[in-house]
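Notes follow the structure.
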Amino acid sequence: MLAIFKKGLVNPPQELNSPASPQASISPKNPEEILKGFLSDACNGFSIGFGDKALLAYAPPQPSFKEHQRLFCGVNDMYCIFWGSLNNLCTLNKQYGLSKGGNEAMFVIEAYRTLRDRGPYPAHQVLKDLEGSFGFVIYDHKAETLFTALGADDALKLFWGIAADGSVMISDNVDLIKSSCRKSFAPFPPGCMHHSERGLMSFEHPMNKMKAMPRIDSEGAMCGANFMVDAYSKVNSMPRVGSEANWATWGQQA
């Protein structure tokens with residue numbers, strides 16, 4: 001999968017941008033080049049663009065390979081790429097009043113919409129209730145908002161980086177990230193979520209801040225940092241709960 005968001009639409013941690021990128025031997029790529037490369041290597045892949053704001057590209061898993069399930073879904077201008085599986089999907093669908101036949105991507109969109117519109121639960125609690133190995137990227141076109149998360153079991157890998165034009169790129173293909181983002185990329189931290197307005201936070205440890213750890217590659221150059229929970233640094237308040245709480249503000253410091 002591939003997701004690219006225009007600079008300014010998504011503001012990743014500044015440590016993701018490596019100072020070594022301008023000196024890197026690999027030339028950076030623009031979103032158009034990245035998408036072309038993804039589709040040329042994908043079987044039955046497709047993409048959907050949202051003007052100059054964002055693009056999503058998807059390729060179904062190949063039956064000849066033992067890959068995790070990968071799904072694409074779009075509902076009311078909300079689009080989701082989901083990979084992995086939820087062991088408690090039936091229970092979650094029942095809890096949210098969804099059809100028994102709904103898949104993980106459909107559920108994640110509904111959970112996001114519930115958080116966005118009504119906010120009955122903290123976002124971190126909703127994600128902690130998901131049992132299984134999962135990762136997803138949601139783009140809310142009307143709100144021009146990204147919401148992405150990766151399961152805490154570390155069974156799936158997700159990467160993010162900075163493209164040549166400053167766009168933020170997210171993919172489960174590390175080779176695609178490496179060839180597109182020079183040194184400015186890093187693994188997305190497991191057990192964490194990122195929202196366009198809220199930024200990066202741990203849904204496993206919502207009371208703790210995140211910290212960047214320098215990452216050095218095999219050439220001795222500094223790459224985009226690894227991000228991990230800071231066990232000694234706490235946020236000032238618990239995420240707000242209730243119908244008046246905008247989900248995007250959960251976890252913000254008071």
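The values are calculated or read from the model by the stated rules, or taken from the named source; none is laboratory data. This structure is a prediction, so every number in the text was calculated from the model and none was measured. With ideal geometry, Cβ positions are generated from the backbone for all residues, glycine too; neighbour counts draw on all protein chains shown. Calculation scope for accessible area: heavy atoms of the full protein, side chains included, ligands and nucleic acids excluded. Shrake-Rupley method; radii C 1.70, N 1.55, O 1.52, S 1.80 Å.
Summary of values
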| item | result |
| --- | --- |
| Net charge of Cβ neighbours under 12 Å - reference D230; Lys, Arg +1; Asp, Glu -1 | +3 |
| Solvent-accessible area, 1.4 Å probe, carbon plus sulfur percent, for the chain | 49 |
| Computed Kirkwood radius, in angstrom, where 1/r is averaged over Cα pairs of the range 75-146 | 12.5 |
| Length added when fully stretched, I216-Q69, from 0.36 nm per residue minus Cα-Cα | 49.7 nm |
| Where the Cα pairs of the range 132-223 fall when distances are cut into 10 Å bins, in % | 15, 45, 35, 5, 0 |
| Cut-off 12 Å between beta-carbons: net charge of the residues surrounding E104, Lys and Arg +1, Asp and Glu -1 | -1 |
| Rough spin-label spacing in nm, given labels placed 7 Å along Cα→Cβ, for S233 and Q125 | 2.7 |
| Peptide ranges 81-94, 129-142 listed from the most packed, as the mean C-beta count within 10 angstrom indicates | 129-142, 81-94 |
| ³J(HN,Hα), Karplus 6.51/-1.76/1.60, whole Hz, each residue of the range 50-58, x for Gly, Pro | 10, x, 9, 8, 7, 8, 10, 9, 9 |
| Most fluctuating residue given options A212, A186, A163, as computed from a GNM of the chain linking Cα atoms under 10 Å | A212 |
| Charge dipole magnitude, Cβ of K and R +1, D and E -1 - the chain, Cα centre, debye nearest 20 | 280 |
| Cα-based Rg of the range 45-185 normalised by 2.2 N^0.38 Å, two decimals | 1.06 |
| Relative contact order [Cα under 8 Å, 6+ residues apart], the chain, whole percent | 23 |
| Restraint check, K53/K142; K183/K234; K53/K128; K183/K209; K7/K183; K211/K234, Cα-Cα greater than 20 Å | K183/K234; K53/K128; K183/K209 |
| Cα-based Kirkwood hydrodynamic radius, the chain, one decimal, Å | 18.6 |
| Amide H partners (placed H, <5 Å) of E131, local residues excluded | N87, N88 |
